[in-house]
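We did not get these values from a lab; they are worked out from the coordinates using the rules stated. Note that the coordinates shown come from a computational prediction; the quantities given were computed from them, not determined experimentally. Reconstructed Cβ throughout: ideal geometry from the backbone, glycine too, with neighbour counts over all protein chains shown.
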Amino acid sequence: MPTVAPLDLDGHCVSAVFLHDVPHFALADGAIHRLDHGHKWQEVHDGLLAATLDQQKSRLITGGEDGKVFSSAGDTSELLAEAGRKWITSVASGPQGAIAYAAGKTAFVRFADGKVKEFQHPRSVEGVAFSPKGMRFGVARYNGATLHFPATDGKPVELEWAGAHTGITFSPDGNFLVTTMQENALHGWKLSDGKHMRMSGYPAKVKSLSWSAKGKWLASSGAQAAIVWPFSGKDGPMGKAPLELGTRGNAMVTAVACHPSQDVAAIGYDDGMVMAVRFADLKEVLLRRPGKGAITSMMWDREERRVVFGSETGDCGVIDIAG
Amino acid sequence: MTESQTQIPVTVLTGYLGSGKTTLLNRILSENHGKRYAVIVNEFGEIGIDNELIVESDEEIYEMNNGCVCCTVRGDLIRVVEGLMRRPGRFDAIVVETTGLADPVPVAQTFFMDEDVRTKTKLDAVVALVDAKHLPLRLKDSREAEDQIAFADVVVLNKTDLVTPEELADVEATIRAINPTAKIHRTTRAGVALDQVLDRGAFDLSRALENDPHFLDSDHDHAHGDHDHVHDENCGHDHHHEHGDASPIHDVTVQSVSLRGGEMDPKKFFPWIEKITQMEGPNILRLKGIIAIKDDPDRYVIQGVHMIMEGDHQRPWKDGEKHESRLVFIGRELSTERLQRSFEACQA
């Protein structure tokens, strides 16, 4: 039986992650809490808006209302960048210690040596993400996405699709780019030929995406089930129906986290419930009963037996699958 | 977050550079009114107050991908409101300051069209600051000045000390011609009582038309002493704003159409208003109405912005209250005759 070690915090949890094996919880008020032989925390930002893991999964990169970007773990945090009074609305981590962040209409890349490069856009930079291959990052923007090559002065690649694109992710093999949109839909591009993929039909905005092991599937929130699109074929999900996992009639999926090695997803709902569902036979296991508010973030640990979760209302915790 | 969570009220401030917007904003931020405001501005600019709840945001208009050109929202507001609402308890209300040339419509529509924003906040009122001296010039050279007035619930007619009484009367008549339902306050140095611009509930169907004594009184048959039309100083005018009459200042393209009728047949009225908002939506800036539905003990109130319309039962008709339906459209290229005729055809 799965067991839950709760951590009741005060405020919206933006990101719940394992740094090495220590559960960390980044809250919107700017504090990062952790369960490391007891409950500990450090104040990092005045208002934390975005968070992502570095590529070694050992530090949390965060951006805030204070216009700052920090790298934090345990009781240490390092100021990586400042962008004036504008909010840092998106952060991403890339190869060789590079990070990207967005403030207003500018995307920034900071290399490991501290050098910062700016990429101006005519409209707001809504989301940033690095490609898994090479020094390349993507920007989600109004009417499409832009790919930049920060290591060289190569010309950016523009990918157009009408509408506001708010978030962005690359498939783990680097072949596909997927954006979340202001309308209730995802949009994808096959990068080799620019072919479009429309993934629509969601009753709500998609706010959480997770690639399954080896990038075979892309799980998404925004419906009464986790919508899981097949990406194993060369054309991605085009012409194929998605899986619907963990369907509930009275709740919406708000967060998804795929298992590191198996075709299983942890699914979080707007009432705080968490389930694990296997893709092959849709078998469901209840991991956590409903709580106070919507699940916002989840992650599996390296041993594949624990799931850390955070919620809008601060009732966070760690689920041990084996009990 | 549960649905029952209180929605935070949002006030939108529009107005040209020099209209007194910053002065009013500074008063909202510094006066002791017992409420805390988060303020979303385009530039920190002249706001001389350091406050962590002032957020700078680049105006970003997004067309919704549904083929409707008037379905626009402010993408930056969606992001900022979402961020602010993750840390509730720091403020009681939000003020959005727009740039001088801003179109107020996408700002307002954000609070109806974006599901996340709508569950957490509610639009309280759109307040337009107008410079009494420069309005005639503004109306000549831009459509935005007119849109801002047409769209407003409250118009603060500022800098009245810089014009003659005759000029002021003309300017006010022009504002009335553009927008017969807005509440007008004559001020100098944006000296309007803050409770006249904040917490107005102008989009709240249960309150909207109650606190609006001028609403649809196109025939002016009421006694002028019975309402709370506030003029902070120099209240020397005679309250005869002749709705529907031509503006004494030209260059006005916005018009209002006031309709009046008896009890409505719901089977005719609702399809009609639906069709009007679908077909005329791009031309309609605002619509407001109180509808008497046949055999319904409650007043039915509706309000709309372009193609977005909402309606609800408001309160029972009072004893002796005349069961009549009244509807005002503010927009462009509206056919009064056709609207009146088709409206009357919906009567029971």
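Below is a table of values for the structure above.
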| read-out | value |
| --- | --- |
| Long-range HN-HN contacts of A:Leu80 with modeled amide H, under 5 Å | A:Val69, A:Phe70, A:Ser71 |
| Net charge, A:Glu284 excluded, C-beta distance under 11 Å - Lys, Arg +1, Asp, Glu -1 | +2 |
| Rounded to the nearest 20 debye, dipole of the protein assembly as shown from Cβ charges on Lys, Arg, Asp, Glu | 2700 debye |
| Pair B:Gln278, B:Asp265: separation of 7 Å Cα→Cβ label points (nm) | 2.0 nm |
| 5 angstrom amide H check on A:Met299, placed H, neighbours 5+ away | A:Val308 |
| Those residues of the stretch B:97-132 whose amide nitrogen sits under 20 Å from the label point placed on B:Ser142, 7 Å along Cα→Cβ | B:97-109, B:126-132 |
| Inter-part distance where the stretch A:259-323 and the stretch B:321-347 are each reduced to a Cα centre, Å | 55 Å |
| Sequence of B:Tyr300, A:Tyr101 once ranked by neighbouring C-beta atoms within 10 Å, starting from the fewest | B:Tyr300, A:Tyr101 |
| Vicinal HN-Hα couplings computed from phi for the stretch A:99-110 (Karplus, 6.51 cos²θ - 1.76 cosθ + 1.60; Hz; Gly/Pro x) | 10, 10, 8, 10, 9, x, 9, 10, 9, 10, 10, 10 |
| Whole-Hz ³J(HN,Hα) from phi, Karplus 6.51 cos²θ - 1.76 cosθ + 1.60, for the stretch A:312-318, glycine and proline x | 4, 9, x, 7, 9, x, 10 |
| Charge dipole (chain A, unit charges on Cβ, about Cα centre) - positive-most of A:Gln42, A:Trp300, A:Ala5 | A:Trp300 |
| Inter-label distance, nm, simple model (7 Å from Cα along the C-beta direction), A:Thr247/A:Asp75 | 5.1 nm |
| Rough spin-label spacing in nm, given labels placed 7 Å along Cα→Cβ, for B:Lys294 and A:Arg85 | 6.0 nm |
| Only Lys, Arg (+1) and Asp, Glu (-1) charged, at Cβ; the stretch B:255-344 dipole about Cα centre in debye | 240 debye |
| Equivalent ellipsoid semi-axes - Cα gyration tensor, the protein assembly as shown, angstrom | 49, 28, 24 |
| Full-extension gain in nm, A:Asp8 to A:Met238, via 0.36 nm per residue minus C-alpha separation | 78.6 nm |
| Calculated from backbone phi, Karplus (6.51, -1.76, 1.60) coupling profile of the stretch A:194-211 in Hz, x at Gly/Pro | x, 4, 8, 10, 9, 10, 10, x, 6, x, 9, 5, 8, 10, 10, 10, 8, 7 |
| Additional length obtainable on full extension of the chain from B:Glu31 to B:Gln340, 0.36 nm per residue less Cα span | 106.6 nm |
